[in-house]
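My questions will all concern the structure given below.
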Amino acid sequence: MLDRPLPHDRSQRGLMRDLAALDQALYEAVTVTRTPALDAALRRLSAAADHSKISFVVAGFLALRPGRPRRAAVLGLAAVGVASTTANLLGKRLVRRRRPHRAEDSPFPWRHVPMPASASFPSGHTASAVAFAAAVGPAFPAATVPLGLLACAVGYSRIHTGVHYPGDVVAGAVLGTGAAAAVLAAARWDD
């Protein structure tokens, strides 16, 4: 009697199975959808987001202007540091989800970027891009929409180029939002 799972446990396992199936189906839908006008641009964007290069460039431009833009740059880079550290040193090591499988007969192999050696969950690129956007926005509102759209594009590019499942990207976005909230809260406490 004690070995039988409780109904609640069965429903949780069923929910997790359903979410994993949905995640796989969404990934596969992206991999077989023909998008020649997007492929090269998303491949370049995904590569440009490696090591938060885009965030560092934007922060550099913001830092050239004193006051709010410079403060926004500092907050954004601090959030990237928290998000990247959390995603790569905690999330990927704890969850250890395998990267998506790329079939040898993939219909669009030219859209792929090199497959990282690290675990798939969560997306560190997405976590860092969202963290930067979410930390910069409140300090420099003019950047909110452009950086938010850029962060969304970075997240999607990771699915499109075949290195992440949609669930990895969603988790990265949640982690990035949390990292930005923590940095902004610490900055307010320090003021």
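The values are calculated or read from the model by the stated rules, or taken from the named source; none is laboratory data. As the structure is a computational prediction, the values presented were derived from the model and not from experiment. Neighbour counts are summed over all protein chains in view; Cβ atoms, including those assigned to glycine, are modelled from backbone coordinates with ideal geometry.
Considering only the range 49-61, I want to know if a residue exists there that is exposed (fewer than 15 other Cβ atoms within 10 Å of the Cβ), assigned to a helix (DSSP H, G or I), modelled with pLDDT of 95 or more and among the β-branched types (Val, Ile, Thr).
Checked against the condition, which is being exposed (fewer than 15 other Cβ atoms within 10 Å of the Cβ), assigned to a helix (DSSP H, G or I), modelled with pLDDT of 95 or more and among the β-branched types (Val, Ile, Thr), the range 49-61 yields at least one hit.
Right, here's the next one. Considering each of ALA127, ALA153 in turn, give the residue that is outside any loop (DSSP other than H, G, I, E, B), in contact with a helix residue (DSSP H, G or I) (Cβ under 8 Å, 6 or more places away or on another chain) and touching a residue at least 60 places away in the same chain (Cβ under 8 Å).
Only one candidate qualifies: ALA153.
Right, something else. If PHE121 satisfies all but one of (1) farther than 17 Å from SER52 by Cα; (2) of a type in the set (A, V, I, L, M, F, W, C); (3) loosely packed, with under 14 Cβ neighbours inside 10 Å, what's the number of the condition it fails?
Every condition holds for PHE121 apart from (3).
Residues of the range 104-124 being without any contact (Cβ under 8 Å) to a residue 40 or more places away in the chain and assigned to a loop (DSSP other than H, G, I, E, B), which ones?
GLU104, ASP105, PRO114, ALA117, SER118, ALA119
Residues in the range 156-191 that are acidic (Asp, Glu) and outside any helix (DSSP H, G or I): how many?
1
Take GLY67 and decide whether it is surrounded by fewer than 18 Cβ atoms within 10 Å (Cβ to Cβ) and at positive phi.
yes
What single numbered condition from (1) surrounded by 16 or more Cβ atoms within 10 Å (Cβ to Cβ); (2) under 22 Å from ALA29 (Cα atoms); (3) under 15 Å from the mean Cα position of the chain (by Cα) fails to hold for ALA180?
(2)
All but one of (1) assigned to a helix (DSSP H, G or I); (2) surrounded by fewer than 24 Cβ atoms within 10 Å (Cβ to Cβ) hold for ALA134, so report the exception by its number.
(2)
For the structure I just gave you, tell me whether VAL170 is touching a helix residue (DSSP H, G or I) at 6+ places or on another chain (Cβ under 9 Å), aliphatic (A, V, I, L, M), farther than 11 Å from ALA79 by Cβ and modelled with pLDDT under 95.
No: the conditions fail for VAL170.
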